[in-house]
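*Asks:* Below is the structure I would like to discuss, written out as structure tokens.
The values are calculated or read from the model by the stated rules, or taken from the named source; none is laboratory data. What you see is a predicted model; the values in this text were computed from it and never measured. Ideal geometry is used to build each Cβ from the backbone, glycine not excepted, and the neighbour counts take in all protein chains shown. Calculation scope for accessible area: heavy atoms of the full protein, side chains included, ligands and nucleic acids excluded. Shrake-Rupley method; radii C 1.70, N 1.55, O 1.52, S 1.80 Å.
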Amino acid sequence: MTTPAPASGRPADRPAAALAEPAERVGRGWTAALSLANGAIWVGWYGPLQILLAAQAKDLAPGSGLSKETLLAWVTGAGAGVSLVANPLFGALSDRTTGRWGRRTPWTATGAAGGALSLLLLAGARGPRTMALGWCLVQLTLNAAFAAVTAAVPDRVPRLQRGAVGGWLGAAQILGVVGGTGLATASGGIGAGYAACAGCTALGVVPYLLRPADLRLAEADRPPWSWRGFLAGFRLDLRRHPDLGWAWLTRFLINLSNALVLLYLLYYLRDRLHRPDPEQGVLVLTAVNGLTLLATVVAGGVLSDRIGRRKPFVVCSGVVMAAATAALAARATWPAAVAAAAVLGVGFGVFTSVDFALMTDVLPTALDRGRDLGLINIANALPQVAAPALAAPVVTHLGGYRGLYLTAAVIALAGAVLVGRIKGVD
């Protein structure tokens with residue numbers, strides 16, 4: 001029987017441990033280093049997404065024949081397409097990586113370094129094509145690092161510690177979004193903003209890379225290579241692994257509901273609440289939502305670990321989010337919007353940490369953890385593409401913003417209900 005390697009020492013000397021179910025709890029240092037690496041990756045994404053790409057599109061649009069809005073939509077859309085493919089692809093490649101530095105660490109290192117270089121390349125873009133190419137490279141490389149970071153959790157963390165670790169990763173994600181936005185804003189220019197985000201991304205993964213070597217996959221445990229077998233692995237076999245499909249659908253629906261709420265928030269404040277300064281209102285609501293989310297993301301995961309259950313937390317978070325979203329539809333007042341933002345943060349904070357632990361609990365095999373998590377992570381990115389396509393006809397033809405938020409509430413409730421179809425997790 002294979003004994004799992006401890007979180008300290010040099011597990012690279014025991015390659016069979018890479019496919020064992022972890023039993024030794026990871027320490028605070030390992031969790032902090034992994035969380036810092038995760039936050040650094042999100043800095044590299046959200047500094048551009050929140051500030052820099054829009055500013056760059058404004059500068060490059062006049063000579064391109066496109067409006068700044070159209071140029072930004074094309075660039076971010078191309079990057080989203082790359083992200084949907086890159087995450088499961090690099091997760092699968094890391095699953096099959098052998099060598100002295102383990103399965104995940106090489107991809108974390110090369111992905112973060114490549115992401116930093118791609119951000120610097122993007123800073124020098126002189127036209128729409130080079131801007132799109134640069135952003136696609138950022139998405140490609142940072143997804144390689146992100147796939148490796150998330151797959152490290154089921155590799156190293158025992159089941160009843162994954163809620164807490166997932167909570168810290170979620171907190172790091174939130175701080176990375178805020179930090180990236182702050183760096184891009186405070187740097188004083190597009191080039192300086194990209195350089196600041198690149199430096200933070202590269203340096204933020206260093207403490208994790210300096211930890212003891214990752215778990216090493218033995219050559220004998222790696223399946224024979226074939227393109228046909230490799231590509232076939234990206235098709236979810238829902239007959240053999242129905243829990244994976246239900247977990248994916250649950251995550252997709254809850255994230256879609258959240259995306260629908262946020263997508264038209266500016267227009268909701270301007271056209272339905274008639275706020276005199278809707279941009280300032282969005283900032284206030286975002287801050288309130290972020291504070292309550294940050295307050296609950298770790299606590300929810302820790303409590304889930306202590307109780308030893310996941311599904312009740314996901315159900316409750318979906319119901320809470322649905323109630324807050326329905327309140328936005330029912331009461332079009334500023335105090336109601338502030339209260340709804342706070343409650344949404346509570347629900348989504350608990351969901352973020354506990355759902356991540358739930359996802360790792362339903363992974364079918366240790367050999368394909370990275371690939372399967374990459375497929376599940378599509379449920380995070382796809383709602384950003386699906387939400388605008390769904391929201392526009394609802395707002396235009398099915399009741400305006402009241403209809404939109406009622407739709408979002410129904411979707412969140414559906415996610416809460418469907419989590420009950422997962423049978424392999426208590």
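*Asks:* Against the globular-protein guess of 2.2 N^0.38 Å, express the Cα radius of gyration of the stretch 239-289 as a ratio, rounded to two decimals.
*Replies:* 1.69
*Asks:* For the stretch 162-172, what does the Karplus curve 6.51 cos²θ - 1.76 cosθ + 1.60, with θ = phi - 60°, yield as ³J(HN,Hα) per residue in whole Hz, taken in order and with x for Gly and Pro?
*Replies:* Residue by residue, the stretch 162-172 yields 6, x, 5, 5, x, x, 5, 5, x, 4, 5 Hz.
*Asks:* Would you tally the net charge around residue 286, using a Cβ to Cβ cut-off of less than 15 Å, leaving residue 286 out, and scoring K and R as +1, D and E as -1?
*Replies:* -1
*Asks:* Over the stretch 326-426, what percent of the accessible surface lies on carbon and sulfur atoms, probe 1.4 Å?
*Replies:* With neighbouring chains kept in place, the figure for the stretch 326-426 is 68 percent.
*Asks:* So, for the stretch 250-376, what is the accessible surface per residue at a probe of 1.4 Å, expressed in square angstrom?
*Replies:* 37
*Asks:* Could you order the peptides 332-341, 144-153, 96-105 from most to least packed, using the average number of other C-beta atoms within 10 Å per residue?
*Replies:* Answer by packing, highest mean first, reads 144-153, 96-105, 332-341.
*Asks:* Along each of its three principal axes, how wide is the spread of alpha-carbon positions in the chain, in whole angstrom units, largest first?
*Replies:* Projected onto the principal axes, the Cα atoms of the chain cover 66, 50, 40 Å.
*Asks:* Grab every C-alpha pair in the stretch 366-426, bin the distances at 10 angstrom width from 0 up to the longest one, and report whole percents.
*Replies:* 18, 35, 30, 14, 3
*Asks:* Then there's this: Taking only the alpha carbons of the stretch 38-105, what extent do you get along each of the three principal axes, in Å, biggest first?
*Replies:* So the three principal-axis extents are 51, 21, 15 Å.
*Asks:* I would also like to ask the following. Output wanted: per-residue J couplings in Hz (rounded whole) for the stretch 367-384, from phi through Karplus 6.51 cos²θ - 1.76 cosθ + 1.60, θ = phi - 60°, x for Gly and Pro.
*Replies:* 5, 10, 4, x, 5, 5, 5, x, 5, 5, 5, 4, 5, 7, 7, 4, x, 5
*Asks:* Take the alpha carbon atoms of the stretch 24-181, find their radius of gyration, then divide it by 2.2 N^0.38 Å using N residues; give the quotient.
*Replies:* So the Cα radius of gyration is 1.13 times the expected 2.2 N^0.38 Å.
*Asks:* What accessible area per residue, rounded to a whole number of Å², is obtained for the stretch 67-201 using a probe radius of 1.4 Å?
*Replies:* Per-residue value: 35 Å².
*Asks:* By how many degrees, between 0 and 90 and to the nearest 10, does the Cα long axis of helix 128-156 differ from the longest principal axis of the chain?
*Replies:* 50
*Asks:* In whole angstrom, and with the biggest value first, how far do the Cα coordinates of the stretch 279-426 range along each principal axis?
*Replies:* 48, 31, 26
*Asks:* For the stretch 396-404, what does the Karplus curve 6.51 cos²θ - 1.76 cosθ + 1.60, with θ = phi - 60°, yield as ³J(HN,Hα) per residue in whole Hz, taken in order and with x for Gly and Pro?
*Replies:* Taking θ as phi minus 60°, the curve returns 6, 10, 10, x, x, 6, 5, x, 5 Hz for the stretch 396-404.
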